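Read-outs: derived from the displayed coordinates by stated rules, not from any lab. Note that this is a predicted model, so its numbers are computed, not measured. Cβ placement follows ideal geometry from the backbone for every residue including glycine, while neighbour counts extend to all protein chains displayed.
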Amino acid sequence: MTEQLIIFDTTLRDGEQALQASLTAKEKLQIALAIERLGVDIIEAGFPVSSPGDLESVRLIGQHVKNSRIAGLSRAVDGDIDAVHEALKDAVAGSFRIHTFIATSDIHVENKLRMDINQVIDMATRAVKRARNYTDDVEFSCEDAGRTPIDNLCRTVEAAITAGATTINIPDTVGYTIPSEFGAIIEQLFNRVPNIDKAIISVHCHDDLGLSVANSIAAVQAGARQIECTVNGIGERAGNCSLEEVAMIMRTRKDLLNLPTNIITKEIHRTSQLVANLCNMPIQSNKAVVGSNAFSHSSGIHQDGVLKSQNTYEIMTPESVGIKTNNLNLTSRSGRHVIKHRMAELGYDEAEYNLENLYQSFLRLADKKGQVFDYDLEALSLFNNLSEQDDYYEMTGLNVLSGTEKISTATVTLQCGDNEVTEAAIGNGPINSICRCISRITGFDIEIKDFKVASTSTGMDALGQVSIVATYEGRTFHGMGLATDIILSSARAMVHVANEVRRSNQVAEHKQQSQSVDKSAV
């Protein structure tokens, strides 16, 4: 039995089945190369018989990936097996895997296949033997093994190994089992199948009940030595066992599991982002390991602990998965210690501000806007009582003309302190026109980097929230606007950014004046 855990990635096969639109061959190759760089042992590149395009994609991947073994999926059917060979016979790695399968549970055998278990075992045996004519690396899967009677499962596994299968996969195809149950299935196979030592036992668990990773780890503890998984856990229905979670469990709990993998964990974040973007499947913020909140801390108690010793609330470092650093969110739950820490990071000495006054002002602002950013903190330290009344720019008028056959025009009126200023501009759309107006009035050449619209309620009169991320002179600013009119929400978000830029400039000017005074004193 190998004392290393083999990672079998099926992002490009099972993972792609969950996508609304198929990936192009170029996109599949891009993902395959990233997964290879991640250190995956085996990449299941696709299901060649399913379409000519999929066969060519598998062929392309086989011709470019050198360090991971490429596998192709086939049913226990001659034509499927031949198609995998056709796709991978010229694989640059010099060897490839044929992964063939057939269902073994009573539900599938009787209702889907309309066979009995003896016929299924016969098909499995013939499929494995045919695959062995093409390669020495044959994997056989008992589809829906989690719901297969144990006697039938043992018989099928023994027959497949006798026929020449070198890897036996035990899938929890519908995510039905619980960890103790699934681990017991693997344990019984080791106890009851006489030739079990002739093959590596693999598991492929789905996440219908949120147990795919837990079931996979239970199987490893029972003797399995290959886990089939996908980047970000994408896949049929609720998805598959998550590759990044498995990799970090094996690394973080090596004291308990003691099974190394070849995964280069610092590549996890980059690979995760690539898959999310190309597959158009955003990662939920609270997703383990790769979610945007995975290394974020908002509670004051947690922030204090992490600042004193990172491992108080982080069992793995963000750097270990390729993220530069953790994130201490400034919210109303933050404490004085994190404010002091953030001010020091911004270059402020304790003598330059009153921590208690700053903290109280911070809390008032945090209650109002939810999250406070660095530029807010700097402005608070200088002006101490930041409120809506402190906004220098206030929009008092907005008119927009836009349509399919018209050039978009906007007229914006801003109250700028004691003066009211109106500007008009044309643009390639209503948002662009408004942005140009505001830039002309304020003198700030603001560039929008991210623009998001979300509904905060339902119905025709729903409030639309616009959130933007913009840059000005190398610094990043956040703005938010809310209204039933999305155009108005957008304008308010831009005015919000303009006020933040102005405050940031005032802070910079104050710093410059202070430095000039210090130099003259010397």
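Highest average first, the peptides 170-176, 183-189 ordered by how many other beta carbon atoms sit within 10 Å of their residues are 170-176, 183-189. Sorting 30-43, 307-320, 194-207, 470-483 by average packing, meaning the other beta carbons within 10 Å per residue, from highest down gives 30-43, 194-207, 470-483, 307-320. When each of the peptides 337-345, 112-120, 488-496 is scored by the mean number of other C-beta atoms lying within 10 Å of its residues, the order from highest to lowest reads 488-496, 337-345, 112-120. Here the simple spin-label model places points 7 Å from the Cα toward Cβ, and for ARG253 and ASN354 these points are separated by 5.2 nm. Give, as a single signed number, the net charge of other residues whose beta carbon lies under 12 Å from the beta carbon of LEU257, with Lys and Arg counted +1 and Asp and Glu -1. Local net charge: +2.
Starting from the Cα gyration tensor of segment 163-241, take the square roots of the eigenvalues, sort them a ≥ b ≥ c, and report rounded, prolate or oblate (rounded when a/c is under 1.5, otherwise prolate if a/b is larger than b/c, else oblate).
The shape class here is prolate.
With 0.36 nm allotted per residue and the present C-alpha distance subtracted, the GLU405-VAL92 stretch has 107.3 nm of extension available. Estimated from the Cβ-Cβ distance and a Förster radius of 30 angstrom, the FRET efficiency linking THR317 and ILE200 is about 0.40.
Report the calculated FRET efficiency for ASN262 and GLN284 (r = Cβ-Cβ distance, R0 = 22 Å), to the nearest 0.05. Intermediate values should be presented prior to the final figure.
Numbers: r = 27 Å, r/R0 = 1.25.
My answer for the efficiency is 0.20.
Looking at the square roots a ≥ b ≥ c of the eigenvalues of the Cα gyration tensor of segment 46-191, which shape do they give, rounded for a/c under 1.5, prolate if a/b is larger than b/c, or oblate? Mind dumping the intermediate values first?
On the way: a/c = 1.91, a/b = 1.72, b/c = 1.11.
The shape class here is prolate.
At R0 = 51 Å, how high is the FRET efficiency between ASN505 and ALA25 if r is their beta carbon distance? Nearest 0.05 is fine. FRET efficiency, ASN505 to ALA25: 0.55. Looking at segment 6-278, the DSSP beta bridges with both ends there are about 5 percent antiparallel. Taking a sphere under 12 Å around the Cβ of GLU181 and counting the other residues whose Cβ falls inside, with K and R at +1 and D and E at -1, yields a net charge of -1. Stokes-Einstein, applied to the Kirkwood radius of segment 6-278 over Cα pairs at a viscosity of 0.890 mPa s and 25 °C, places its translational diffusion at 134 µm² s⁻¹. One compactness figure for segment 199-344 is 1.17, namely its Cα radius of gyration divided by 2.2 N^0.38 Å. Under 5 Å between amide hydrogens, built in the peptide plane, is the criterion, and for GLU143 it picks out ILE102, ALA103, THR104 among residues at least 5 positions away or on other chains. Using the rule -39500 (n - 2.57) for each DSSP H run of four or more residues, divided by the residues of the chain, the 222 nm mean residue ellipticity is -13000 deg cm²/dmol. The 3J(HN,Hα) values that the Karplus relation (6.51, -1.76, 1.60; θ = phi - 60°) gives for segment 159-164 are, in residue order, 5, 5, 5, 4, 6, x Hz. Gly and Pro appear as x.
With K and R counted +1 and D and E -1, the other residues having a Cβ less than 13 Å from that of VAL109 yield a net charge of -2. Counting pairs of alpha carbon atoms under 8 Å apart in space and at least six apart in sequence, what relative contact order in percent does the chain give? Relative contact order for the chain comes out at 9 percent.
Need the full-extension length gain, ASN191 to GLN17, defined as separation in residues times 0.36 nm minus the C-alpha distance. One decimal, nm. Working shown, then result.
Values: separation 174, 0.36 × 174 = 62.64 nm, distance 3.49 nm.
Gain in length upon complete extension: 59.1 nm.
A viscosity of 1.306 mPa s and a temperature of 10 °C, combined with the Kirkwood radius over C-alpha pairs in the Stokes-Einstein formula, give segment 42-128 a diffusion coefficient of 118 µm²/s. With θ taken as phi - 60° and the Karplus curve 6.51 cos²θ - 1.76 cosθ + 1.60 applied, the whole-hertz 3J(HN,Hα) list for segment 142-154 is 8, 4, 6, 4, x, 10, 8, x, 4, 4, 5, 5, 4 Hz, x standing for glycine and proline. Projected label points at GLN513 and GLU345, each 7 Å from Cα along the beta carbon direction, are separated by 2.8 nanometres.
Which value, to two decimals, describes the C-alpha radius of gyration of the chain once divided by 2.2 N^0.38 Å? Before the final figure, lay out the partial values.
Values: Rg = 29.5 Å, N = 522, 2.2 N^0.38 = 23.7 Å.
After normalising by residue count via 2.2 N^0.38 Å, the value is 1.24.
Of all DSSP bridge pairs formed entirely within the chain, close to 50 percent run antiparallel. Remark: segment 246-261, residue by residue, has Karplus-estimated 3J(HN,Hα) of 4, 4, 7, 5, 5, 7, 6, 10, 5, 5, 9, 9, 6, 10, x, 10 Hz, where x stands for each Gly or Pro and the curve is 6.51 cos²θ - 1.76 cosθ + 1.60 at θ = phi - 60°. Projected onto their three principal axes, the Cα atoms of segment 391-509 cover extents of 45, 29, 27 Å, largest first.
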